[in-house]
Amino acid sequence: ETGVTQTPRHLVMGMTNKKSLKCEQHLGHNAMYWYKQSAKKPLELMFVYNFKEQTENNSVPSRFSPECPNSSHLFLHLHTLQPEDSALYLCASSQGLAGVGTDTQYFGPGTRLTVL
Amino acid sequence: AQSVSQHNHHVILSEAASLELGCNYSYGGTVNLFWYVQYPGQHLQLLLKYFSGDPLVKGIKGFEAEFIKSKFSFNLRKPSVQWSDTAEYFCAVTRSNSGSRLTFGEGTQLTVNP
């Protein structure tokens, strides 16, 4: 299934580096999400975009900076990360039925990030 | 406090055994319930979902789940597992007043031995 793609699949970076994660959805959806998946912890919602507007920031540190230029693309810009930021970062998309809990999310394969 | 709980963190079964994975949530009011599966090296995939109607929901690959409102539960079942069901299973919930904000459980790693 290639509905939601993410690049790169693996990324190793130092704490002083700047890098970006990219997500693209081919499902015609209007909402996109970033999640963090750490070992032995539930998936944590980071950001939500609906029709290119950020609608949720779940108290994410400013070293993570999202960008949504259009409904099909979502970026996560990374700078001065910490080793504890190492995790799998997942992107998801949904139709964008604002306020509707039945809006099903579809996930990408994730980017495995390691911060040295 | 964890809002979505999956009590079994690792389940090991033999092929053909029956499976039941627990999921409990702590929200009142209307909820929407999901089970996702993550096969080794693959992305999260939707197994099934419950929004309303018949509380027994059938999903892909022979999985089903039953919503029991009085118990705040949405347990996942399969009568006979296969080696290919080895994966991590996640229960997730949205609340009627929080839009599409998914809250996930911790996940259950299922290992099926041939």
- When A:L90 is run through (1) closer than 25 Å to B:L46 by Cβ; (2) surrounded by fewer than 17 Cβ atoms within 10 Å (Cβ to Cβ), the failure sits at (2)
- Got at least one residue in region A:78-91 being within 8 Å of chain B (Cβ to nearest Cβ) and touching a residue at least 40 places away in the same chain (Cβ under 8 Å)? yes
- Message: Can you tell me which residue is surrounded by the fewest Cβ atoms within 10 Å (Cβ to Cβ) among those in region B:22-66 that are among the hydrophobic types (A, V, I, L, M, F, W, C) and more than 25 Å from B:V112 (Cβ to Cβ)?
- Response: B:F51
- Task: With respect to A:H73, determine if the residue is farther than 23 Å from B:Q45 by Cα and either surrounded by 20 or more Cβ atoms within 10 Å (Cβ to Cβ) or in contact with a Lys or Arg (Cβ under 8 Å, 6 or more places away or on another chain) (or both).
- Result: no
- Matching residues in region B:88-107 - criterion: being at pLDDT 90 or above and on the phi > 0 side of the Ramachandran plot: B:G107
- Query: Does region A:99-107 contain at least one residue that is acidic (D, E), in contact (Cβ under 8 Å) with a residue 60 or more places away in the chain, in contact with a strand residue (DSSP E or B) (Cβ under 7 Å, 6 or more places away or on another chain) and within 25 Å of B:T108 (Cα to Cα)?
  - Reply: yes
- Task: Please verify whether region A:27-48 includes one or more residues that are away from chain B (no Cβ under 12 Å), surrounded by 20 or more Cβ atoms within 10 Å (Cβ to Cβ), of a type outside the set (S, T, Y) and farther than 23 Å from B:E88 by Cα.
- Result: no
- Quick one: what pairs do we get from region B:99-113, first residue within 7 Å of another protein chain (Cβ to nearest Cβ) and within 27 Å of A:E56 (Cα to Cα), second in a strand (DSSP E or B) and of a type in the set (V, I, T), C-beta under 8 Å, 6+ apart or different chains? B:S100/A:V48; B:S100/B:T94; B:R101/A:V48; B:R101/B:T94; B:L102/B:V93; B:L102/B:T94; B:F104/B:V4; B:G105/B:V4
- Task: Kindly indicate whether B:S84 is part of a helix (DSSP H, G or I), over 21 Å from B:H7 (Cβ atoms) and more than 9 Å from chain A (Cβ to nearest Cβ).
- Result: yes
- Query: Can you pull out the strands (runs of 3 or more DSSP E) entirely within region B:1-56 that have at least 2 residues that are without any contact (Cβ under 8 Å) to a residue 40 or more places away in the chain and within 14 Å of chain A (Cβ to nearest Cβ)?
  - Reply: B:44-50
- Message: From the list A:L90, A:L11, A:L78, exactly one residue is closer than 25 Å to B:N32 by Cα and at pLDDT 95 or above. Which is it?
- Response: A:L90
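The values are calculated or read from the model by the stated rules, or taken from the named source; none is laboratory data. This is a predicted model, so every value here is computed, not measured. When we count neighbours, we look across all protein chains shown, and the Cβ atoms used for this are built from the backbone with ideal geometry, even at glycine.
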